1. Got a sec? Which of 110, 10 is within 26 Å of residue 148 (Cβ to Cβ) and at pLDDT below 65?
2. Can you confirm whether the range 53-74 contains a residue that is in a loop (DSSP other than H, G, I, E, B), exposed (fewer than 13 other Cβ atoms within 10 Å of the Cβ), outside the structural domain of residue 36 (by TED's automatic domain parsing) and at pLDDT below 85?
3. Residues that are at pLDDT 90 or above, in a helix (DSSP H, G or I) and loosely packed, with under 12 Cβ neighbours inside 10 Å: does the range 26-44 have at least one?
4. Taking residue 20 as the residue in question, decide whether it is part of a helix (DSSP H, G or I), of a type in the set (Gly, Ala, Ser), in contact (Cβ under 8 Å) with a residue 40 or more places away in the chain and over 19 Å from residue 138 (Cα atoms).
5. Can you confirm whether the range 118-126 contains a residue that is farther than 21 Å from residue 73 by Cβ, at pLDDT below 85 and touching a helix residue (DSSP H, G or I) at 6+ places or on another chain (Cβ under 9 Å)?
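The values are calculated or read from the model by the stated rules, or taken from the named source; none is laboratory data. As the structure is a computational prediction, the values presented were derived from the model and not from experiment. Here the Cβ positions follow ideal geometry from the backbone for every residue, glycine too, while neighbour counts run over all protein chains shown.
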Amino acid sequence: MLEMDLFFHPKPRLEDFEAAAMPHFPDLYRTARLLAQDRAEGEDLVQEVYLEAWKSFHRFQTGTNCRAWLFKILFHRLHHFRRRWAKAAKMEAFENSENQDSLIAETPVPQEIRDEDVLKALAKVPIEFREVVLLADVQEFSYKEIAETMKLPLGTVMSRLSRGRKVLRQELAGVAHSFGITPAKDPPRAGESA
């Protein structure tokens, strides 16, 4: 028999929660860190997700997609965090407006493309497109799962994914060009000369 709490909800068992939710921690953390663009903020965000998930675990239906449920909570918490970050950024910009004399020189061009280059290119993708690209291409969610998680129409998900990939391609082309990599020319078609 399930224990009942003060509000007559079945009291969730920690073992059940851990078994359902914890296998998805690496995916949630990786996505939160990429969206927050900061390790500490990503950790805080995932901690908030798991706290919220534990509080509402009595509403989770066993046998449904726990991963999608956790990602839905992630995006809900992310919007709250973004409001907080925007407010903090405005305050910081206001407080540090006289420190514009300390500019940093650009670093020399590296000899190979690193993960950081890809992450920087991804950071330049507008956030509404980046979220969809991360869910589709990194987390391998289906269009339908993304639409349900982000509460968007399916057509909007497909459009944002297409546009996000296009921006990412353009940004990565810039990185490749800085290394002297140029797009391959199309082979001549029948009847054309090279």
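1. On the way: 110 fails: within 26 Å of residue 148 (Cβ to Cβ).
Selected residue: 10, the only one of 110, 10 that is within 26 Å of residue 148 (Cβ to Cβ) and at pLDDT below 65.
2. No: the range 53-74 contains no residue that is in a loop (DSSP other than H, G, I, E, B), exposed (fewer than 13 other Cβ atoms within 10 Å of the Cβ), outside the structural domain of residue 36 (by TED's automatic domain parsing) and at pLDDT below 85.
3. yes
4. Details: part of a helix (DSSP H, G or I): yes; of a type in the set (Gly, Ala, Ser): yes; in contact (Cβ under 8 Å) with a residue 40 or more places away in the chain: yes; over 19 Å from residue 138 (Cα atoms): yes.
Spelling it out, residue 20 is indeed part of a helix (DSSP H, G or I), of a type in the set (Gly, Ala, Ser), in contact (Cβ under 8 Å) with a residue 40 or more places away in the chain and over 19 Å from residue 138 (Cα atoms).
5. Here is the first cut: in the range 118-126, the residues farther than 21 Å from residue 73 by Cβ are 118-126.
Still in the list and also at pLDDT below 85: 118-119.
Retained after the next criterion (residues that are touching a helix residue (DSSP H, G or I) at 6+ places or on another chain (Cβ under 9 Å)): 118-119.
Yes, the range 118-126 has at least one match.
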